[in-house]
Amino acid sequence: MTKYIITTANVFIPAEIRYTNISSTYLPADVLNKLLKVFGKDSTLVAGVDVYGKHAYRALKEVKNKNKYINDCKTKFRNTLKLWGIEPDLYIDSDNDKMNEFVEYSIKNLQNKGLIEKVDDPTFYCRDCNEELSKSECNITSKEENRLKKYDKLDDFINEDIECRLCGGQNVEIRMEHQWELKLPRTSFLTSLIEQQDQASNVCQNMQGIYDNNFNTWVFTRNNYGRVMPIDKDKRIYLWYDSLISKLLPLTNNPENVSNDLKESEYFCYFGKNILPYYSLIMPTIFKYGFNAEQMNIKYEARGFCLTQENDASILSQDVYTPEELSRVRLFVLSRVPDKIKDYKLTEDNYKQFLSGTYKNLIKYFHRTSPILSGAIIDFNSDEYRIIENHVLNGRVNKVVSTIEQWAIDDLKEIGKNTYDIKKVKNRHAIITKVIGAIAPNMIKELNYTNKISQVNQAILEKKYDHSK
Ligand SMILES: [Zn+2]
């Protein structure tokens, strides 16, 4: 049986996540995991915290009890997910006990294949605040044009004025340092990854754009933060290397098994659109050459960003949800976030539309149909089941929601008529119930609680008995 592994983007210390991260990544991943499970598949959802990296290094600098601080960050992250009803099967943080073994194994393989080497790499160092800066933390002003500029090559900015964005200081110097670089070979296995993607989504074009770019090497070590580089104790591994490797730990405990176990599994990777280059180019390169993986089945569930506005739906910022509110919020977010790389909004107006639209339609549907149709079982050979299964196996959570909503609207009309296909309606009811159980677990419970038999439409009951004769 195929093992489905659903990964989410690791959050780095201090592990703050907002509802925008929840809506694009964690919630659709949680729902996909639950849908796969209710339809009988072997699925595992994994989430984790990146303990290394520049932000963690800076956050930890002034902290006395570092272990306690890290554990508190992890707890805070888990509690945020819990607030949203998101239930990972596994938490794999980048300081997991097994990580060293996997990192060392892959570095050795990459070295043997001649894919990593020491290169000179520029480091921006601010002498005012004593910080090593990334390029994005430097404001570079062109002397000739007197404006901020973006540069790619070192030669372009070596004579320009550089300002530190952290402290505003002007004393930024460029130091050349030895670092380790990973080569990214452009072989046909990358094309095979494009073919695995959902053709209905726009991720393929985005991947092609990344492959066409002049992105052939990646410097993956730093000077003073991160895990120690196994073959060069003076250098540290950049958190992205760890983060991508950690996605293999739900698969196996032994790095030697990765190549074999990857064949038997299918990955759904959820993350924001900006980190697609890491997932579509660097991750498969490390899996293939660092773990000798011949075949990998990976779907990239990259999502757009939530465009935050002043009129954001206020319910999204709550600290506590009643079970009923949680059901609404989860269903609202999933019905708004597209299954593709496209930005979206979650505003007060959207929420009102949702309450008087999708939510109302589904409530009405369950209210009227559950008393007569509950207990129906899914026909796994039916076209309807195949439609939903196809969406699920492509990670199209938003499409699942819109499909069941349409069925609910159609079937409410159908059962108002004298002759309806009871078998079809019952099958759909069974599917819709399972889907809603994964998205909004309390919705039906709440309904049953308030749904007194006297409220049941007598006409529907009569029709049900007609058709079951
Ligand atoms: Zn500075």
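The values are calculated or read from the model by the stated rules, or taken from the named source; none is laboratory data. Owing to the predicted nature of the structure, the values given are computational and were not obtained by experimental measurement. Methodologically, a virtual Cβ is constructed for each residue, glycine included, from the backbone with ideal geometry; neighbour enumeration extends over all protein chains shown.
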Return the residues of region 171-195 that are over 27 Å from GLN295 (Cα atoms) and surrounded by 13 or more Cβ atoms within 10 Å (Cβ to Cβ); say none if nothing qualifies.
ASN171, VAL172, ILE174, GLU177, HIS178, GLN179
Whichever residue in region 188-199 is in a loop (DSSP other than H, G, I, E, B) and not charged (D, E, K, R) and, among such residues, is farthest from the ligand (Cβ to nearest atom)
GLN199
So, in region 39-68, exactly how many residues are part of a helix (DSSP H, G or I), buried (at least 16 other Cβ atoms within 10 Å of the Cβ) and either at pLDDT 95 or above or aliphatic (A, V, I, L, M) (or both)?
3
Are there any pairs, at least 6 apart or on different chains, whose C-beta atoms fall under 9 Å, with the first in region 376-392 and without any contact (Cβ under 8 Å) to a residue 24 or more places away in the chain and the second not in a helix (DSSP H, G or I), and if so, which?
PHE380/PHE39; PHE380/GLY40; ARG386/PHE380; ASN390/ARG396; HIS391/ASP339
Among (1) buried (at least 19 other Cβ atoms within 10 Å of the Cβ); (2) within 21 Å of ASN33 (Cβ to Cβ); (3) β-branched (Val, Ile, Thr), where does THR252 come up short?
(1)
Residue hits (region 324-338; part of a helix (DSSP H, G or I) and farther than 20 Å from PHE77 by Cα) are GLU324, GLU325, SER327, ARG328, LEU331, PHE332, LEU334, SER335, ARG336
Look at THR403 and say whether it is within 23 Å of the chain's Cα centre (by Cα) and either outside any helix (DSSP H, G or I) or closer than 27 Å to TYR4 by Cα (or both).
yes
Listed by first then second residue, the pairs whose first member lies in region 270-281 and is under 17 Å from VAL337 (Cβ atoms), whose partner is crowded, with 18+ Cβ neighbours inside 10 Å and of a type in the set (Lys, Arg), with beta carbons under 9 Å and at least 6 positions apart or on separate chains, are TYR270/ARG303; PHE271/ARG303; GLY272/ARG303; LYS273/ARG303
Mind checking whether some residue in region 408-421 is of a type in the set (Ser, Thr, Tyr) and modelled with pLDDT under 70?
no
Within region 21-36, can one find any residue that is modelled with pLDDT of 95 or more, surrounded by fewer than 16 Cβ atoms within 10 Å (Cβ to Cβ), away from the ligand (no atom under 16 Å from the Cβ) and farther than 30 Å from THR187 by Cα?
no
For region 165-187, pairs from a residue that is near the ligand (Cβ under 8 Å from one of its atoms) and of a type outside the set (A, V, I, L, M, F, W, C) to a residue that is part of a loop (DSSP other than H, G, I, E, B) and modelled with pLDDT under 95, with Cβ under 7 Å and 6 or more apart or across chains, are GLY169/ASP128; GLY169/CYS129; ASN171/ARG127; ASN171/ASP128
Consider TYR26 carefully, then state whether it is part of a strand (DSSP E or B), under 25 Å from PRO284 (Cα atoms) and touching a Ser or Thr at 6+ places or on another chain (Cβ under 6 Å).
no
How many residues, within region 283-318, are at pLDDT 95 or above, of a type outside the set (S, T, N, Q) and in a helix (DSSP H, G or I)?
8
Within region 108-127, how many residues turn out to be assigned to a strand (DSSP E or B), modelled with pLDDT of 90 or more and either touching a helix residue (DSSP H, G or I) at 6+ places or on another chain (Cβ under 6 Å) or polar (S, T, N, Q) (or both)?
1
Considering only residues that are more than 16 Å from the ligand (Cβ to nearest atom) and among the aliphatic types (A, V, I, L, M), look in region 150-164 and name the one that is modelled with the highest pLDDT.
ILE158
Neighbours by Cβ (under 8 Å, 6+ apart or cross-chain): first from region 120-138, closer than 22 Å to GLU181 by Cα; second more than 12 Å from the ligand (Cβ to nearest atom) and of a type in the set (Val, Ile, Thr)
ASP121/VAL219; PRO122/ILE174; THR123/ILE174; PHE124/ILE174; TYR125/ILE174; GLU132/THR123
Tell me yes or no: at least one residue of region 206-218 is within 21 Å of CYS138 (Cα to Cα) and of a type outside the set (S, T, N, Q).
yes
Give the residues of region 86-141 that are outside the structural domain of ASN67 (by TED's automatic domain parsing), of a type in the set (D, E, K, R) and either within 16 Å of the ligand (Cβ to nearest atom) or under 30 Å from ASP30 (Cβ atoms) (or both), sorted by residue number.
ARG127, ASP128, GLU131, GLU132, LYS135, GLU137
